[in-house]
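The values are calculated or read from the model by the stated rules, or taken from the named source; none is laboratory data. These numbers were taken from a predicted model, which means no experiment stands behind them. FYI the Cβ positions are ideal-geometry reconstructions off the backbone, even for glycines, and counts take in every protein chain you see.
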Amino acid sequence: MRVTVLGIGHVGLVHAVCMAEFGHSVLALDVDTSKVASAGNGRAPLYEPRLEPLLRKHLAAGRLRFTADYRAAARFGKLHFLCVGTPLSANGHVDLGQVRAAADALAPHLTGQNLVVGRSTVPPGTARAVAGRIRQRAPAAADVDVAWNPEFLREGLAVHDGLHPQRLVFGVTCDRAGELLREVYAQPLSRGIPGLVVDLETAELVKLAANAFLATKLSFINAVADICDRVGADALRLAEALTLDGRIGDDFLMPGLGYGGGCLPKDTRAFGAAAAELGAASLAAILAEVDAINTGRRARVVELARDAVGGSLADCRVTVLGVAYKPGTDDVRDSASLAVCDGLAEEGASVVVHDPVALDSAAQARPGLRCAESVWEAAGGADLVLHLTDWDEYRRIDPIELAAVVARRNIVDARSVLDQRLWRAAGWSFRAIGRR
């Protein structure tokens, strides 16, 4: 099939590459010509494992091309995936400006039967509004359908999730749209991946509800970790016991610094705002508390840091390991680590950060941040080490070797994954949320 992908951010570029890997011919569009030029030359404008090799593979094969021309996109194919950004606005609601702009720019060039498929995360009612805008502007208005196919990509594992989805959700208004979506996803569906056909509003809510539920699990275990701190219990062992209950599962039950990034915080707040607007006060209240608990973890880590150095961070040199919001990405949007860095600096600490891939992103977000190219450089003369992003290479640090470069052996493990016995045996004062 010949498909277009509108928007080559994290969702769109991964989707374009995965569509090409499924055997389709793909034309990907973005209004940012620098992104178009970079991707067209085989350089992914973002970090995602496995993405760039597949990008180059399909460019070389002629299966994937890039453009900034909506007319060319409309002429190329009849199936168009809408993958543009949906950030939060200042009032807490989703900003649909990019969705509307893309729909308005594409519509005047649509002739004959076309299907526009949204993958962006949006509040309920968006798909029908987009359909109305397109039909007002498209020459073949009656022949243009709109569907919604929410994405469930995890940053750091996005290519894997694109090629091997856990489920596919198709929000449609007609049989033809469902048949086209089953055709374009024929490869994963043939492997037994569930394909659920629903109405537009259900499809819009699925992604919001999924992320809000995962955020709730994380905030719940972090609230429980506070109880563990007060009574001397071990939150990790408690979580382990919970995960053995098949009804609960073992994902997103790790106490620590909490969640960040461009999805969970945004989607939880957006779902809460939509719930409040629609009169679902109970859901809005739950999600507001989930967000408040998560945001509070950042102040809690600053508190642990302060206690670790004797009650004051003034004039302390602090090493921060990890600024990406999670391992496997260079994304620092709503990074809990950067928020902790801000809190440390406000209390007078001198902060030096290291991250395997996110230093450039961090420097753009915080131009004055001091960055180091190696863990050893970052830790030189440190009074305190904070482990804030769970990269594998940090788990492999030898605490004896690191002790040779720091000024004081203090570490706070905000991700609750380091072997505290190993660190303590090497003479380190070790602190972690909810750990005995």
- [ ] Could you tell me which numbered condition residue 382 fails, if it satisfies all but one of (1) more than 15 Å from residue 301 (Cβ to Cβ); (2) crowded, with 22+ Cβ neighbours inside 10 Å; (3) in contact with a helix residue (DSSP H, G or I) (Cβ under 6 Å, 6 or more places away or on another chain)?
- [x] (3)
Open item on the list: Could you check region 25-70 and list, in sequence order, the residues that are closer than 28 Å to residue 324 by Cα, assigned to a loop (DSSP other than H, G, I, E, B), among the basic types (Lys, Arg) and in contact (Cβ under 8 Å) with a residue 24 or more places away in the chain?
Closed with: 50
Open item on the list: I want to confirm something. Restricting to region 117-130 and keeping residues that are assigned to a helix (DSSP H, G or I) and in contact (Cβ under 8 Å) with a residue 40 or more places away in the chain, which single residue is surrounded by the fewest Cβ atoms within 10 Å (Cβ to Cβ)?
Closed with: 128
TODO: Residue by residue through region 400-421, note down the ones that are closer than 29 Å to residue 330 by Cα, surrounded by fewer than 20 Cβ atoms within 10 Å (Cβ to Cβ) and in contact with a strand residue (DSSP E or B) (Cβ under 9 Å, 6 or more places away or on another chain).
DONE: 409, 417, 420
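The rows are residues; the columns are (1) in the same structural domain as residue 114 (by TED's automatic domain parsing); (2) under 23 Å from the mean Cα position of the chain (by Cα); (3) closer than 20 Å to residue 390 by Cβ.
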| site | (1), (2), (3) |
| --- | --- |
| 186 | yes, no, no |
| 189 | yes, no, no |
| 220 | no, yes, yes |
| 224 | no, no, yes |
| 238 | no, no, yes |
| 247 | no, no, no |
| 253 | no, yes, yes |
- [ ] Determine which member of the set 60, 72 is loosely packed, with under 15 Cβ neighbours inside 10 Å and closer than 27 Å to residue 160 by Cα.
- [x] 60
- [ ] Kindly check whether there is at least one residue in region 309-321 that is out of contact with any Cys (no Cβ under 9 Å at 6 or more places or on another chain), of a type in the set (S, T, N, Q) and free of Cβ contacts under 8 Å to residues at least 12 places away in the same chain.
- [x] no
Task: Lone qualifier among 323, 353 - being of a type in the set (A, V, I, L, M, F, W, C), within 16 Å of the chain's Cα centre (by Cα) and within 25 Å of residue 47 (Cα to Cα) - done: 323
Task: Selection from region 83-116 of residues that are in a loop (DSSP other than H, G, I, E, B), in contact (Cβ under 8 Å) with a residue 12 or more places away in the chain and within 19 Å of the chain's Cα centre (by Cα) - done: 83, 84, 85, 86, 87, 92, 93, 96
- [ ] Report whether or not residue 332 is at pLDDT 95 or above, of a type outside the set (Asp, Glu) and outside any helix (DSSP H, G or I).
- [x] yes
Task: Lone qualifier among 343, 348 - being in a loop (DSSP other than H, G, I, E, B), at pLDDT 95 or above and more than 21 Å from the chain's Cα centre (by Cα) - done: 348
Open item on the list: Regarding region 34-51, can at least one residue be identified that is touching a Ser or Thr at 6+ places or on another chain (Cβ under 9 Å) and charged (D, E, K, R)?
Closed with: yes
TODO: State yes or no: is residue 362 aliphatic (A, V, I, L, M) and either free of Cβ contacts under 8 Å to residues at least 40 places away in the same chain or surrounded by fewer than 19 Cβ atoms within 10 Å (Cβ to Cβ) (or both)?
DONE: yes
Task: Within region 142-197, helices (runs of 4 or more DSSP H) holding 1 or more residues that are loosely packed, with under 13 Cβ neighbours inside 10 Å - done: 175-184, 186-190
Open item on the list: Can you go through 310, 272, 328 and tell me which one is assigned by TED's automatic domain parsing to the domain that holds residue 234, touching a Gly at 6+ places or on another chain (Cβ under 9 Å), small (Gly, Ala, Ser) and surrounded by fewer than 23 Cβ atoms within 10 Å (Cβ to Cβ)?
Closed with: 328
